[in-house]
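Student: Provided herewith is a single structure, encoded as structure tokens, for subsequent inquiry.
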Amino acid sequence: MGYKLSSSGMNSVLSELSREYRLFAPKSFEGMGHFSDTDLIRYGEIKSIDEIVLDKKSQFSFKEIVFPVSETLFYFTENQVKSAEEEQKKTIVFLRSCDLHSLRRLDDMYLSNGPEDFYYKRLRDKVKFALIGCRESFENCFCVDMETSKSENYSFSLDMRDGDYHVDCRESEWAEIFKVYSSEEIEVIPDYVTENKVRVSIPENLGIEVSKSNMWDEYDSRCIDCGRCNFVCPTCTCFTMQDIFYTDNGKVGERRRVWASCMVDGFTDVAGGGSYRQKNGQRMRFKVLHKVLDYKQRNGYHMCTGCGRCDDVCPEYISFSNTINKLEAAMKEVTGDGK
Ligand code: SF4
Ligand code: SF4
């Protein structure tokens, strides 16, 4: 069911929902941007609709709500282990279509790629999603070619049109709340983009033999293995473990799960002094082929959802979409088709 709401009507809805839910959305953190005097757009808790940034892309994704940057899993003493308390309140996350598709990838990795992850599941079970419509494509987005520009699995949608909020509510228990505070019942189809400036083409015949191409070599020197591309990516799910021993009693502490990056030194270190993919070009190859080759072979769709955040943040101006577009020539190089 669709509704038109004023800003104050929308705030009344959020106030009703916040009795049971924490609300997270892209918001502006003043002066925290990469350059001086710039703001950072990332996820944070909101109380009012005006705090949601609707006209810019968030630099970090919603991922940190269901997969925190650093999460204490359990506490330990010499002979006891106790799970960390779970957040009791439920959560609503406002996100765009590409990110809603990214959620499916996170669910794949944490819920069905082997045994269910206990800590992810208990957080995930408490989260509902509100879709922010996209009227225009942002810089570096390529969601259309990745088939993620449109979503239907949301609880409600949010579009701003002519100063009002238009909402399509699919959660029957919330429909009454929207109805009470709306000025009009209307038909709402969330905005979605049908074209991006950036286009990508993944070759039909892409195969693992592309690993042997020379295309990866340029990244040995261009990439500085900072890992920023992984940290902003809504579909990167790797983590490492940290055991923290308290200083007042060295036998007591906590285990934390912390985001990790396949692009940085140390990620592949193993017992006995082994370390793999030491060159940055090899790391780039591993990341790219995971996003657009082997994940699809297993799940039927690509891991990359085309949000373009990795292109937005790379300090070396390495473009993931350009890299994808080099795969066709690379396949010709390794198969000899181009000769
Ligand atoms: S690889 Fe880049 S474009 Fe693709 S989902 Fe990750 S951050 Fe977005
Ligand atoms: S953000 Fe750029 S420089 Fe940093 S690891 Fe990723 S590709 Fe390399």
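The values are calculated or read from the model by the stated rules, or taken from the named source; none is laboratory data. None of the values given here were measured: they were computed from a predicted structure. Only protein heavy atoms, including side chains, enter the accessible area calculation; ligands, DNA and RNA are left aside. Shrake-Rupley method; radii C 1.70, N 1.55, O 1.52, S 1.80 Å.
Student: Considering amide H positions built from the backbone, and no H for Pro or chain starts, which residues 5 or more places from Lys90, or on another chain, come under 5 Å of its amide H?
Tutor: Residues meeting the amide H criterion: Arg22.
Student: Sticking with this one: Restricting to DSSP H runs of at least four residues, report the calculated mean residue ellipticity at 222 nm for the chain, -39500 (n - 2.57) per run over all residues, nearest 500 deg cm²/dmol. Don't skip to the answer; put the middle values down first.
Tutor: Values: 12 runs with 88 residues, N = 339.
Roughly -6500 deg cm²/dmol at 222 nm, from the helical runs in the chain.
Student: Inverting the mean 1/r over all pairs of different Cα atoms, compute the Kirkwood radius of the stretch 177-323 and quote it in Å.
Tutor: With all distinct Cα pairs of the stretch 177-323 included, I get 18.7 Å.
Student: So which aspartates and glutamates pass the test for Lys89, namely a Cα distance under 15 Å, with those fewer than 8 places away in the same chain ruled out?
Tutor: Qualifying aspartates and glutamates at Cα under 15 Å: Glu16, Glu20, Glu45, Asp125.
Student: Distance cut-off 30 Å, Cα to Cα: go down the list Lys121/Lys296; Lys56/Lys126; Lys47/Lys179; Lys63/Lys212; Lys57/Lys121 and report the pairs above it.
Tutor: On the way: Lys121/Lys296 23 Å; Lys56/Lys126 27 Å; Lys47/Lys179 20 Å; Lys63/Lys212 33 Å; Lys57/Lys121 27 Å.
Result: Lys63/Lys212 exceed 30 Å.
Student: OK, next. For the chain, what are Rg and Dmax over the alpha carbons, in angstrom?
Tutor: 21.9, 68
Student: How many Å² of accessible area per residue for the stretch 271-332, probe 1.4 Å?
Tutor: Spelled out: the 1.4 Å probe surface of the stretch 271-332, per residue, equals 45 Å².
Student: Counting only protein heavy atoms, what percent of the accessible surface of the chain is carbon or sulfur at a 1.4 Å probe?
Tutor: On the way: 8260 of 17410 Å².
Taking all protein chains in place, the chain shows 47 percent carbon and sulfur surface.
Student: Report, ordered by chain and residue number, the lysines lying within cross-link reach of Lys291, taken as a straight Cα distance under 16 Å and ignoring same-chain residues fewer than 8 apart.
Tutor: Lys326
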